[in-house]
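Engineer: Next up is a structure, given as structure tokens.
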Amino acid sequence: MTVTTALDVDELLTGAAAKTGLDDFGDDWFREPLDVLVASLNAEASLSPPGVRLTRHRLTALLADRLRLRALQREHPEVLDVEVRVAAEICGLPRTGSTLLHRLLAASPQLTSTLSWEVAYPVPFPGEGPDAAERKRRAQERMRAFAQLSPDFGDLHTVVWDGPEEDVLLLDRTFVSMSFDSFYRVPSYGDWLRAADQTPAYRELREWLQVLQWQQEGRTRPWVLKSPHHLTAVDTVLDTFPGCKVVMTHRSPARAVPSYASMVRMMSSQYSENVDPLWIGPYWSGRFAQTLRGFAAARQARPERFVDVRFADTVAKPLVVAHDVLGELGLPAGPADDQAFAAYLRQNRAERHGAHSYAPEDFGLTEDRLERDFAFYTEVYP
């Protein structure tokens with residue numbers, strides 16, 4: 001395995017300070033996850049030269065946003081008084097219909113969601129007007145650049161620069177995020193992540209949501225958020241957001257795991273020339289089995305905080321599922337919701353790209369083995 005020593009935490013911190021002209025990162029709790037991540041990247045990720053450059057730029061930008069967050073909170077302390085209400089965190093394994101459900105619910109006039117351009121650039125630029133024109137322009141440029149790096153990614157996951165996107169991208173700024181072992185081969189970081197107390201990271205996620213609400217006067221509707229990452233910290237989600245329900249999307253892991261492995265192969269190829277699909281499959285199969293066992297324990301302790309949605313239902317009858325979930329959240333659907341849902345479904349059909357083709361064997365897996373390894377889950381959620 002190639003060992004890279006090109007990333008240095010102190011250089012990243014210095015680079016972020018030079019980029020912003022700021023030097024107060026606030027509480028340094030984030031140093032532990034950052035140190036673990038960088039050590040894992042250097043020792044395990046087999047980064048290509050372009051991968052090193054992209055990763056250095058990415059980590060520096062995330063650190064710069066930490067600096068900007070603290071500066072904004074000092075300049076506008078009222079941000080910390082903004083009330084954040086999270087109605088739902090949509091979880092479930094990746095590739096279980098969670099994106100469709102999230103975007104459908106986000107269309108409801110009763111809810112709000114993190115948007116792609118917001119999670120890319122959550123802090124206003126100096127001198128920026130309320131329309132956030134420069135951040136939106138950069139978000140569109142960033143999306144075009146990503147499409148060039150991964151031209152087939154849209155076949156797996158449609159991204160719209162001004163559409164709903166996962167809040168895990170805000171958690172990236174804490175360096176406590178499943179994003180990193182999805183984009184990179186960093187198993188020691190993955191071990192650390194799933195054993196860590198994520199409370200400080202979720203405290204900061206709440207602060208980021210405060211910042212987004214503060215920027216838009218009248219944005220007081222409850223949030224509907226989504227990411228598979230939250231399955232690694234279900235209890236922390238429920239503790240951080242007391243009114244939140246976890247909406248769990250269910251699909252056979254024998255389908256979901258190979259599908260996600262295919263996505264990981266595509267994403268990680270941006271950063272490494274030594275992507276091994278036969279390693280990716282068992283890695284994520286093991287991670288997801290561990291995650292689902294933890295989910296079962298959290299659910300048993302607080303069953304009233306969970307809502308179940310099956311993939312087949314989301315695909316076959318999305319309007320019925322959206323109605324049911326809104327009802328479970330205490331937000332009965334009305335005519336305005338129906339109109340918004342219908343409009344989104346028309347948009348979704350227009351945005352669909354090519355087919356996503358994969359097989360378990362492409363990733364060192366077999367359907368029989370997946371069915372055995374996840375029998376503890378499928379026996380409860382067939």
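The values are calculated or read from the model by the stated rules, or taken from the named source; none is laboratory data. Just so we're clear, the structure is a prediction, and the values are computed from it rather than from any experiment. When we count neighbours, we look across all protein chains shown, and the Cβ atoms used for this are built from the backbone with ideal geometry, even at glycine. Areas reflect the complete protein model, heavy atoms only, side chains present, ligands, DNA and RNA absent. Shrake-Rupley method; radii C 1.70, N 1.55, O 1.52, S 1.80 Å.
Engineer: Could you pull out every one of the helices (runs of 4 or more DSSP H) wholly within the stretch 37-132 that has 2 or more residues that are farther than 30 Å from ALA312 by Cα, in contact with a Phe, Trp or Tyr (Cβ under 8 Å, 6 or more places away or on another chain) and of a type outside the set (Lys, Arg)?
Structural biologist: On the way: elements: 49-75, 98-106, 116-120.
Counting at least 2 such residues, we get 49-75.
Engineer: Residues of the stretch 6-23 being in contact (Cβ under 8 Å) with a residue 40 or more places away in the chain and outside any helix (DSSP H, G or I), which ones?
Structural biologist: ALA6, LEU7, LEU22, ASP23
Engineer: Here's a follow-up. Condition check: buried (at least 18 other Cβ atoms within 10 Å of the Cβ), touching a strand residue (DSSP E or B) at 6+ places or on another chain (Cβ under 7 Å) and at pLDDT 95 or above. Does LEU370 satisfy that?
Structural biologist: On the way: buried (at least 18 other Cβ atoms within 10 Å of the Cβ): yes; touching a strand residue (DSSP E or B) at 6+ places or on another chain (Cβ under 7 Å): no; at pLDDT 95 or above: yes.
Judged against the criteria, LEU370 is not a match.
Engineer: Under the condition of being at pLDDT 95 or above and small (Gly, Ala, Ser), which residue from the stretch 274-300 is most open to solvent (accessible area, probe 1.4 Å)?
Structural biologist: GLY286
Engineer: Same structure again: How many residues are more than 17 Å from the chain's Cα centre (by Cα) and of a type in the set (Phe, Trp, Tyr) when one looks only at the stretch 242-278?
Structural biologist: 1
Engineer: Which of (1) touching a residue at least 24 places away in the same chain (Cβ under 8 Å); (2) under 19 Å from PRO109 (Cβ atoms); (3) assigned to a helix (DSSP H, G or I) does ALA333 not meet, given it meets every other one?
Structural biologist: Exception for ALA333: condition (3).
Engineer: Quick test of your reading of the structure: GLU141 fulfils all but one of (1) in a loop (DSSP other than H, G, I, E, B); (2) charged (D, E, K, R); (3) at pLDDT below 95; (4) within 30 Å of GLU273 (Cβ to Cβ). Name the failing condition by number.
Structural biologist: Only one criterion in (1) in a loop (DSSP other than H, G, I, E, B); (2) charged (D, E, K, R); (3) at pLDDT below 95; (4) within 30 Å of GLU273 (Cβ to Cβ) is unmet by GLU141, namely (1).
Engineer: Okay, next question. Which count do you get for residues in the stretch 24-43 that are closer than 13 Å to THR60 by Cα and either open to solvent by 20 Å² or more (accessible area, probe 1.4 Å) or free of Cβ contacts under 8 Å to residues at least 12 places away in the same chain (or both)? Don't jump to the end; show me each part of the working.
Structural biologist: So in the stretch 24-43, the residues closer than 13 Å to THR60 by Cα come out as 25, 34, 38.
Then drop every residue that is not either open to solvent by 20 Å² or more (accessible area, probe 1.4 Å) or free of Cβ contacts under 8 Å to residues at least 12 places away in the same chain (or both), which leaves 25.
Residues in the stretch 24-43 being closer than 13 Å to THR60 by Cα and either open to solvent by 20 Å² or more (accessible area, probe 1.4 Å) or free of Cβ contacts under 8 Å to residues at least 12 places away in the same chain (or both): 1 in total.
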